[in-house]
1. Looking at A:Ile114, is it open to solvent by 70 Å² or more (accessible area, probe 1.4 Å), at the interface with another protein chain (Cβ under 9 Å from one of its Cβ atoms) and aliphatic (A, V, I, L, M)?
2. Where residues in region B:1-53 are in a loop (DSSP other than H, G, I, E, B) and modelled with pLDDT of 80 or more, which of them is most open to solvent (accessible area, probe 1.4 Å)?
3. Give the residues of region A:74-101 that are facing chain B (nearest Cβ under 10 Å), without any contact (Cβ under 8 Å) to a residue 24 or more places away in the chain and over 19 Å from A:Ile188 (Cβ atoms), sorted by residue number.
4. Taking A:Ala133, is it under 20 Å from A:Lys176 (Cα atoms), among the hydrophobic types (A, V, I, L, M, F, W, C) and more than 8 Å from every other protein chain (Cβ to nearest Cβ)?
5. Any idea which of B:Val99, B:Val48, B:Val93, B:Val31 is facing chain A (nearest Cβ under 8 Å) and under 60 Å from the mean Cα position of the chain (by Cα)?
6. Among the listed residues A:Leu121, A:Leu89, A:Leu65, A:Leu95, which satisfies the condition of being open to solvent by less than 20 Å² (accessible area, probe 1.4 Å) and part of a loop (DSSP other than H, G, I, E, B)?
7. For the condition more than 30 Å from A:Gly81 (Cα to Cα), outside any loop (DSSP other than H, G, I, E, B) and among the hydrophobic types (A, V, I, L, M, F, W, C), what is the one hit in A:Ala190, A:Ala236?
8. Among the residues of region A:36-55, are any open to solvent by less than 70 Å² (accessible area, probe 1.4 Å), modelled with pLDDT of 85 or more and over 20 Å from B:Thr34 (Cβ atoms)?
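The values are calculated or read from the model by the stated rules, or taken from the named source; none is laboratory data. These numbers come from a predicted model, not from an experiment. Cβ: placed from backbone, ideal geometry, glycine included. Neighbour counts: every protein chain shown. With ligands, DNA and RNA removed, areas are computed over all heavy atoms of the protein, side chains included. Shrake-Rupley method; radii C 1.70, N 1.55, O 1.52, S 1.80 Å.
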Amino acid sequence: MVLTPLNLPFAELEVGQHLYWQIGNINLHGQVFLSSWVVIGALLALIVIGTRKMERDPSGVQNFLEFLWDYLRDLAREQIGEKAYRDWLPFIGTLFLFIFVCNWGGALIPWRLIELPNGELGAPTADINTTVAMALLVSLSYFYAGLSRKGLRYFEYYVEPTPIMLPFKIIEDFTKPLSLSFRLFGNILADELVVAVLAFLVPVLVPLPAMFLGLFTSAIQALIFATLAANYIGEAVHEEAH
Amino acid sequence: MTWLLLAEAAVPEGGLFDLDATLPLMAVQVVLLTFLLNSLFFRPVGKVVEDREGYISTSRADAKQKLEQIKRLEADLQDQLRGARQAAQSAIVEAESEVDALYREALAEAEAEANRTREQARREIESQRDAAQASLMSQVDQLSSQIIQRLMAA
């Protein structure tokens with residue numbers, strides 16, 4: 001599906017087109033990796049600049065990074081609990097930061113100016129592979145968290161408070177990654193599409209409110225993903241008061 | 001830009017829900033990013049923040065201790081000041097009473113002296129008057145005897 005109206009190169013609408021990289025006989029979505037490398041590079045650059053010369057009296061970028069760190073620590077501590085949050089803070093924080101920079105990068109960087117042979121650059125989180133990958137990582141990590149902390153007693157969680165909960169808890173293990181991945185994917189893709197459609201119909205001013213709304217939902221989605229991931233891990237490591 | 005297409009042959013159909021090897025590679029990438037951010041961001045920043053929190057709490061405890069010490073010293077000094085005031089007050093009272101006693105003593109002495117002097121003067125006057133009276137009496141006697149002699153002679 002390719003629409004090219006008004007000879008505006010940046011108001012082009014493509015859905016489901018990918019820049020395929022073929023290595024051996026596996027296929028990769030090249031545009032996802034390209035844009036993710038750009039946003040990861042920006043994130044790392046910010047962090048390297050901010051942590052290069054840290055002092056006890058923070059200033060400039062260090063201040064901002066400390067604010068971020070504090071925010072993520074509070075998020076992880078609130079959801080996972082005082083005892084286990086330290087082990088999971090880097091994972092939760094990375095999820096938040098990566099999703100956040102992906103979403104905002106997708107919205108703020110004028111990717112359309114870069115012409116690709118096929119597909120188009122955009123937020124890496126608007127590709128189902130990225131979100132499913134992260135959702136599966138979350139699933140793996142909460143299983144790992146529960147098993148490593150409680151051993152096989154982790155599975156008591158499935159029959160608490162009553163064994164009637166067993167089927168629901170098993171279903172939850174499938175719905176958790178499904179809802180995580182589709183929520184993020186759907187929101188970001190829909191936001192990109194809304195902006196693209198509005199830009200396609202009226203290229204001036206009208207898409208701006210949708211863009212601001214997009215920035216807002218992007219941030220919220222990153223927060224939701226990280227909070228839910230932390231919450232699942234917290235649920236898995238939670239010790240029942242016997 | 002065609003270098004971005006690593007191979008042209010047999011490009012898949014694509015689509016929105018096209019899951020392929022991007023998924024595991026992206027997962028690996030996220031895991032790598034987690035380790036990278038852990039060593040670049042979470043650990044160093046966490047160390048700085050927690051060091052600062054420790055520094056602040058020890059400084060605060062230190063300051064609290066010093067404040068307590070100051071309060072103790074202040075109370076001590078207040079006590080000393082009160083003691084000194086009391087001492088001064090009692091010294092003043094003592095000096096006043098001493099002065100009073102001295103004054104009374106001096107006054108009494110002066111009064112006694114005056115009384116004595118007056119008594120002496122009175123006694124002197126009395127004796128002189130007595131002496132004068134006696135001499136007058138003797139003169140009167142003499143005169144009267146003379147008068148009697150003259151009258152007798154005449």
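1. Values: open to solvent by 70 Å² or more (accessible area, probe 1.4 Å): yes; at the interface with another protein chain (Cβ under 9 Å from one of its Cβ atoms): yes; aliphatic (A, V, I, L, M): yes.
Taking the combined requirement at face value, the residue satisfies it.
2. Ranking the candidates gives B:Phe17 first.
3. Of everything in region A:74-101, those that are facing chain B (nearest Cβ under 10 Å), without any contact (Cβ under 8 Å) to a residue 24 or more places away in the chain and over 19 Å from A:Ile188 (Cβ atoms) turn out to be A:Arg86, A:Leu89, A:Pro90.
4. no
5. Criteria check complete, one pass: B:Val48.
6. After ruling out the rest, the residue left standing is A:Leu121.
7. A:Ala190
8. no
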